[in-house]
1. Could you tell me whether the stretch B:155-172 includes any residue that is within 12 Å of B:GLY260 (Cα to Cα) and aromatic (Phe, Trp, Tyr)?
2. Just to be sure before I move on: is B:ALA96 touching a residue at least 60 places away in the same chain (Cβ under 8 Å), on the phi > 0 side of the Ramachandran plot and within 14 Å of ligand 1 (Cβ to nearest atom) in the structure I sent?
3. Go through (1) closer than 21 Å to A:ASP682 by Cα; (2) of a type outside the set (Val, Ile, Thr); (3) within 14 Å of ligand 1 (Cβ to nearest atom); (4) over 20 Å from the mean Cα position of the chain (by Cα) and name the single condition B:SER123 misses.
4. Suppose we filter A:ASN701, A:ASN655 for residues that are surrounded by fewer than 21 Cβ atoms within 10 Å (Cβ to Cβ) and either of a type outside the set (A, V, I, L, M, F, W, C) or within 14 Å of another protein chain (Cβ to nearest Cβ) (or both); which single one remains?
5. Taking B:ALA70, is it more than 9 Å from ligand 1 (Cβ to nearest atom) and either over 23 Å from the mean Cα position of the chain (by Cα) or buried (at least 19 other Cβ atoms within 10 Å of the Cβ) (or both)?
6. In the stretch A:222-312, which strands (runs of 3 or more DSSP E) lie fully inside it and hold 3 or more residues that are not assigned by TED's automatic domain parsing to the domain that holds A:THR74?
7. Looking at (1) surrounded by fewer than 24 Cβ atoms within 10 Å (Cβ to Cβ); (2) away from every other protein chain (no Cβ under 14 Å); (3) not in a loop (DSSP other than H, G, I, E, B), find the lone condition where A:ILE668 falls short.
8. Being under 13 Å from the mean Cα position of the chain (by Cα) and of a type outside the set (Phe, Trp, Tyr) is true for just one of B:VAL148, B:VAL142, B:VAL110. Which residue is that?
Amino acid sequence: MTAAAPEPKANMGQPVPRYDAAAKVTGRATYASDMPLDNPAYAFLVTSAIAKGRIDSFDLDDARSVRGVIDIVTHENAPKLKESKLFSNGGYAGTTIQPLKSVDIAHDGQIIAVVIAESYEAAREAANRVKVSYTAVAPSASFDSPGTTAAAAKGQNAQFKEDAEVGDFARAFDAAEVKLTASYDTPAQHHNPMELFTTSCAWMGDNLVIYEGSQYVYGLKNGVAEQLGIDADKVRVVNPYVGGGFGSRGSMTPRTAIIAGIAKRLNRPIKLVPTRDQGFTIATYRAETRHEIRLGAGRDGRLVALRHDGAEVSSRPDAYCVGGTKTTTRLYACPNVASLVSIVRADRNTPGFMRSPPEVPYLFALESAMDELAVKLNMDPVELRRINDTNVEPIGGKPYTSRSLMACFDEAAKAFGWSQRSPQPKSVSDGDWLIGYGCAATCYPTQMAPSAARVRLQRDGRTRVEIAGHEIGTGAYTVIAQTAAERLGVPLEKVAVFVGDSDLPPAPVAGGSNSTASTCSAVMMVCDQIRQRLFKAVMPSDSLADKAKETVGISQAPSTQAAKSDRPLDIEKAFDALGVGIVEEYGEWKPEGAPLDSFMAMHSGHARLVGGHQMKDKIAYAFGAEFVEVRVNRFTHEIRAPRLVGAFAAGRIMNPRTARSQLMGGLIWGMSSALLEATEIDQRNARYVNDNLADYLVPVNADVPGVEVILLSEQDDHINPAGVKGLGELANVGTNAAICNAIYHATGQRIRKLPVRLENIEA
Amino acid sequence: MAVQALSTAAAANNPLTKATAQPLAGGTTLIDLMKLDVMRPAAIVDINSLARGWSAIEPASDGLRLGALAKMSNVAAHADIQRNYPVIADSLRLAASAQLRNMATLGGNVMQRTRCSYFRDISYENCNKRNPGSGCAAMDGVNRMHAVLGTSDQCIATYPGDFAQALIALDAAVEITGKAGTRSMPFAQLHKAPGSTPDIETALQPGELISAFSVPGRWPRSVYLKARDRQSYEFALSSAAVALDVQDGTIRDARVALGGVATVPWRAREAEALLKGQKFDDGLAQRVADAAFADAKGRQHNSFKIALGKRVVAHALQQAVTMEI
Ligand SMILES: Cc1cc2nc3c(=O)[nH]c(=O)nc-3n(C[C@H](O)[C@H](O)[C@H](O)COP(=O)(O)OP(=O)(O)OC[C@H]3O[C@@H](n4cnc5c(N)ncnc54)[C@H](O)[C@@H]3O)c2cc1C
Ligand code: SF4
């Protein structure tokens, strides 16, 4: 594996090192739990040991006797909080199950008490001594459990708008020359970001500061204010660094308002550090899904019929829905398409976004089925994709703004050595290992949301960019700094970036891979406002200045950093003409097609994402192709994936170094999801069993000796000013299918249920 | 809770004699289980102060002696052990992670406790090992990692360690030091199968410490084969420690021990008997593997371990027979 940063190609920024690299590797980066608090008390959660039923009583005597215990909060004495609606119904919450409200228990690991003590250790000790008597009711754990209810997603989840459909699937499928019907299963998975689901709440008078890793500081601020019944202006959320989110910190969890309420009552800052296993139930997760795919094709490989039915698990009260058929019905040319998504309610905590929420499970099904179809047709799976490649999505007939799917296949195939593959399964081995090659397409919708930014330029070129974006490890600081430096023509070292603070101008949720597109578009716009002011100061007429701001570069150091231009404007001259020391601009940017209320929504913590298939007369997706080599041991049936190769095209690549890192992490996670990750559910009691990092396996270095990322040059002028498609969630989509397809090639066995473990390989 | 350092294991005032005191070596099992509130010792006695005398690695021509406080990493990296006892070196090298192996001691390793998820989660009342008489949550729960050999109707928890399989295969003895001095017993007698008392895991008495292990002879023709879900840092789904003495194609002595599949370190003596005096071929390997798992009982999620275990044994034998020494 090479460590050097990739060289930029056309329409790529410089691979500058991460803005925060030194701070991170030296441990100076301050995460939310590192923030100093004045004389804090420590909280420890007590969570339920049953998934359904009620609390009969607590015995707290033993717990209270632990030295240092300050208070034990249960439903009997909890602060009264207002309800919050689910984010998909116009609220902020990831779950409407509000703990500490009553004796009722709705899922395993529900918060039932909070112990507050002078030290973390005392709080934990006391929490372990809390005795609870329950009346348990048999819960429904998952799909096959008695007592679940199933219904179509449409109508119960406001964000699930349509079961995509076109033509006459039934007739076309009946008449198809080649047919495939297959079912696929994906397991429950948990994000397990390194940073635990901590929160610290400190009041100063009526003002609340929350230090918490969040992917949406404006959402959290407004959500907590709503629950506490206070003005949102009185709440500030701060998290300069977030220790991984992957979707788990996108919506508000119940813990924050509870801790804030207790802190208010005690008149003391409180720090909560939940355990790893509590993280499995006090936040969201990816629920298990089931799929049936039906494909009909001509002997030439052309798809004539495609149907994708998906089923997903959610909690009793909340209809969370991933609904990936919006993507799988539009990926390939096909005149007759049908789909149906349904939701099965069980006694579980409410699931939520997890990296590439819809595409991961749904594309696993489709891209596995495409491989099965290629086998039936006796056709190379890459060629099957080529035959069905399209620039117009079949459901609404809208053109893709750009689509480099086959270019990605060709580049990745070349790097991988695909042409050497013999299509015959079980035909290659190396000592004890059967070798298989497999591939799959990957894609992710291009999304954007309104964002504001404030930029301040000084005469000496020092620049300060303020935007309530989120550094969840993706490189937000870096690409925002690059954008401002480039636009204002100042050296990168002179740009200071501030994110992760809800007192800054609002940015959208760091989810749906929209952050770079949205925040950089806003920063570009505000930098242009500054440019305009400078130009106006030195240009004789406004119209000339308007024209110049489009085409002429400015520069604080003309010889080095000038953007493209013959005669850049000298910043110092412009400042002198303006007669000011600082130029500061604030601006609000919204993407084309954003609803009218989107700026208001932005300020009140509702991110209105647009893009993907929801654009008016076009559809925007990033694409890629992934190739893997798997090895299956003849004797132990152990499965390893020593080589992962992906090629990706995602519009403008702001920084090839940080982009590659995202995509590499995606490939590794995709492999993990195919071979390792599953949350085991005890079917008797609907409880998670392997809720720790020793039992919930993620890859170690030895599992990923070879990961190669190829960045394709792509320019797309139809998406957003930054030209960025977003790629944080692109790479982990196709890997599941690519690995199963490779396992088929290695062993001749088609495995349709994830994760694939050694016991799933037959002798 | 008191933490104290121990200066001599034999001293009369040895605080360990209290049943509620726990020795602390590397701490990689003990501290974890205390954080989970599974182990609640009233006192912790830090035995690392004995390291100077108890961490020697002493290979000799007639056998090997390993101090109980030797670190896993140091033993695994020792050239003599890699040459003359590859099964020991590999059982340690393939265990846990580099960081853990640097902390963990041999004594602590053999004393590590089961990874049964229900044992490690105190919100489950029913665990006979943790709460004698309370039942067993794993029996009909998620039991993919659980044992198929040596189980009882009280407990099916797997003994998770790797090194112990090498020790039991090689007829090691364990040296135990306590108030009354030092005694020695076959390593095979250290661990107790769950039977009706899964809470009693070893033959150690309060106040007794493992001070060393000794292995008779040399076993250059030996292998440790470990099948697991990921390439490193993971417990065995099935493992085999195999040691052979082959002369002129005839197996004169054979040792087979199984890991990841049994409630205690597991010696497959019936299987060994089939090998002695024979010439190796695939058919024999298969019969040996079948014999090793003749009494195995699977449950809902772990039945695969029986077929897997057989293939692991057969392949480990194959590797041992063909290895260059
Ligand atoms: C994530 C993870 C993965 C792991 N993977 C593996 C694996 O793949 N294979 C494997 O074999 N192990 C594995 N381990 C277990 C690890 O090897 C053990 O935790 C370690 O060997 C214990 O040694 P220690 O010195 O840290 O013991 P400690 O934690 O100090 O002690 C363990 C127990 O033994 C007692 N004890 C310690 N020393 C003595 C003594 N001399 N005499 C009597 N009693 C004593 C203690 O009181 C305690 O009860 C893993 C552990 C973790 C956390
Ligand atoms: S298998 Fe043993 S350790 Fe696990 S729950 Fe049952 S009794 Fe407890």
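1. Yes, because at least one residue in the stretch B:155-172 is within 12 Å of B:GLY260 (Cα to Cα) and aromatic (Phe, Trp, Tyr).
2. yes
3. Just one mismatch for B:SER123, condition (3).
4. After applying the criteria, what remains is A:ASN701.
5. In short, yes.
6. A:289-297
7. Single failed check for A:ILE668: (2).
8. B:VAL110
The values are calculated or read from the model by the stated rules, or taken from the named source; none is laboratory data. Computed from a predicted structure; not experimentally measured. Positions of Cβ are backbone-derived with ideal geometry, glycine not excepted, and every protein chain shown enters the neighbour counts.
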